[in-house]
Amino acid sequence: MESLMLPLRTALLKALLEPRRRTRGGFIMDEIVAEYIRRTVLKIPRDQIRTMLQQWGFLSEAQLQAINFCQIKDSISQDVVQLCEENAAGIKQAAVLDIIYNYIYSNKRLWSVYQMNKRGEETDFFDLTDFKKKFKRRLQSALTNVTINFREYEDNAIWIRIAWGTPYTKPNQYKTSYVVYHSQTPYVFISVSVLKSNLPLLCQALVAASNYHDIREMELRSHYLNSLKDIVFKSYSQNFQSYYPKPLQERNVAPESDLMIIQENKNEKERIKRVNSEVFGDGPQPKLEFAQYKLETIFKSDPQMNVLNRKVPFRCLVKFSSPHLLESLKSLAPEGMADAPVSPLLTCIPHKARNYFKIKDKKEVS
């Protein structure tokens, strides 16, 4: 009798430990998938739910017409889950809906720019099927519990969604990483919600799949993915490096007695406008929210005074923040809040494609 009860106990214990299931029309739907779809729908603004579900394409037009989009969002999400249940939705379909949401609301995530490099002038024909196969094989060989989903867009952007697990736990669908890769370019945009130990695995998979040799972070980050693309692809109006400040003695410096009327001086305003245009260009600036500068210097004084002559460097951090930093910097001189041109340390951000800087003393040549 004991030998007969043991399998029964094992089956009962297994049923209790497994996630609850939702059943409808004979189809068994994982409760985790149902809850994930429900939460994704709840994140979408009410006036965009129908449009986003149409882009998803998983529900038929007749099913969409059956949903009352005027009711509270929680009821809408429950209706969507029931219809997904009828269509036998799995984690793959739920992941696609999540990709669409993140594509439209990409500024909800923080993106970092990475650049890949090849040796020499190697050129490869890009094959999307081969890229997907290599990427999944490299990542899944290093980590068994991981789900990977792809979606291609018309601008040659490949969106990759990765949900990470551990050797002992299933992938966490609520802490995902996103990769946006434009084929035939060396640039990758990554938004990471993973353990730091998983980031090298992700980078290795990218390098292997795209036939590059190495990858490095560019010290350029923002919530505005499209602005990051504008900067690295040079797809905005810019005139950087076209203006070089004249020596101090050649500038039109007004005497101290005239400082109060500089704002009203027509020639000065025209000069500021011209210089600002030469530095920033005439078009709109890419949207960045911050720039960070780390200063490390050693203060030195006369050896006889023996003051501040320390070998330990002085360090400080300066961070500029704004809803639209580059447009704010562009407005400083015309508004009379800074001299024209603005410091190159600030205006070089798009040209150097970075908003994290380290400023150190020049090393002495012995």
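Can you find even one residue in the range 143-162 that is in a helix (DSSP H, G or I), in contact with a strand residue (DSSP E or B) (Cβ under 9 Å, 6 or more places away or on another chain) and farther than 24 Å from residue 288 by Cα? The answer is no; no qualifying residue exists.
So that you can scan it fast, the table gives a plain yes or no per residue for (1) aliphatic (A, V, I, L, M); (2) without any contact (Cβ under 8 Å) to a residue 60 or more places away in the chain:
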| residue | (1), (2) |
| --- | --- |
| 88 | yes, no |
| 118 | no, no |
| 125 | no, yes |
| 134 | no, no |
| 144 | no, yes |
| 147 | no, yes |
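Only a single item in (1) of a type in the set (A, V, I, L, M); (2) closer than 23 Å to residue 154 by Cβ; (3) in contact (Cβ under 8 Å) with a residue 60 or more places away in the chain is not met by residue 52, and it is number (3). Could you list, in sequence order, all residues of the range 310-335 that are part of a loop (DSSP other than H, G, I, E, B) and surrounded by 13 or more Cβ atoms within 10 Å (Cβ to Cβ)? Scanning the range 310-335 gives 322, 324, 333, 334. If the condition is being among the charged types (D, E, K, R) and at pLDDT 90 or above, then the range 284-326 contributes 287, 289, 294, 319. Looking at the range 334-365, which of its residues are in contact (Cβ under 8 Å) with a residue 60 or more places away in the chain and polar (S, T, N, Q)? Listed by number, the residues that qualify are 347, 355. Looking only at the range 40-51, which residues are more than 22 Å from the chain's Cα centre (by Cα) and of a type outside the set (Val, Ile, Thr)? Hits for the range 40-51 are 42, 46, 47, 48, 50.
The values are calculated or read from the model by the stated rules, or taken from the named source; none is laboratory data. Remember, predicted model here, so these are calculated numbers, not experimental data. Neighbour counts run over all protein chains shown; Cβ positions are idealised from the backbone, glycine included.
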